[in-house]
């Protein structure tokens, strides 16, 4: 049984190296490789050196789920019991460890197929999001209509309709209720959701264009500027950025 990791080579493995990690019932598994053997001092030094080189670069990589890429890997070649891989891109799962055994070091380390491990991570994140969104009721969408250019569509995450500026109630000196103010209220849209058509720039353009003109009766007039946050989502294994927006509009009476 032979294994090679860069400058590290061992031809006397003491354990069968091929295995899997993850949930086999859903297929969310990735190949793992347990490297175990009695190493000479120079072999142990070579193994430690390969791990340090990988680790020192790997730690500077972008977040794996954000980037959607495997990032820094180490090439593994191993052959045992008629099964082999050659120059397979791997991550370390467990760093090298060893116990002195006379003149040798009884050492072990575990690696995982980086491409398969990434696919599992992305699918797990996608399923987690799908399960979360399945529990969110369908509230609908709202279109911010523009005279020209793209009219952005926002999928709502909260009911948007409310009222404001209605009459108020107070007490007289004798403890009798009395109403002040007009017996009517403004209809208000408190819009919170994410953009499904257009871009956040389109939302800002809608705002700029709308406040630049005198509003007509029954039209919706923004009374707060739009704000937005961005989040990375995974759908079908593909990474994208979703913009969540918030704004308030009032219907002119």
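Computed over the Cα atoms of segment 141-251, pair by distinct pair, the Kirkwood hydrodynamic radius stands at 16.2 angstrom. Length gained on full extension, residue 153 to residue 221, computed as 0.36 nm times the residue gap minus the Cα-Cα distance: 22.8 nm. With neighbour counts taken as other beta-carbon atoms within 10 Å, the residues 127, 158, 187 rank, fewest first, as 158, 127, 187. For the chain, the longest principal axis of the alpha carbon atoms and the long axis of helix 41-58 meet at an angle near 10°. Helix 114-134 and the longest principal axis of the Cα set of the chain meet at an angle near 30°. In terms of the mean number of neighbouring beta-carbon atoms within 10 Å, the peptides 9-18, 71-80 order highest first as 71-80, 9-18.
With semi-axes √(5λ) of the Cα gyration tensor in Å as the read-out, I listed (1) 63, 20, 16; (2) 25, 20, 18; (3) 28, 22, 18; which label goes with the value calculated from this structure? Here the calculated entry is (1).
Based on C-alpha pairs under 8 angstrom that are at least 6 apart in sequence, the chain has a relative contact order of 14 percent. Mind pulling the angle between the C-alpha long axis of helix 200-211 and the longest principal axis of the chain? Nearest 10 degrees, somewhere in 0 to 90. Long axis of 200-211 versus the principal axis of the chain: about 10 degrees.
With R₀ set to 22 Å, the beta-carbon distance separating residue 231 from residue 209 gives a calculated FRET efficiency near 0.20.
Every number in this text was worked out from the coordinates using simple rules, so none of it is lab data. Just so it is clear, the structure is predicted and the values come from calculations on it, not from any experiment. As a convention, Cβ positions derive from the backbone with ideal geometry for all residues, glycine included, and neighbour counts pool all protein chains shown.
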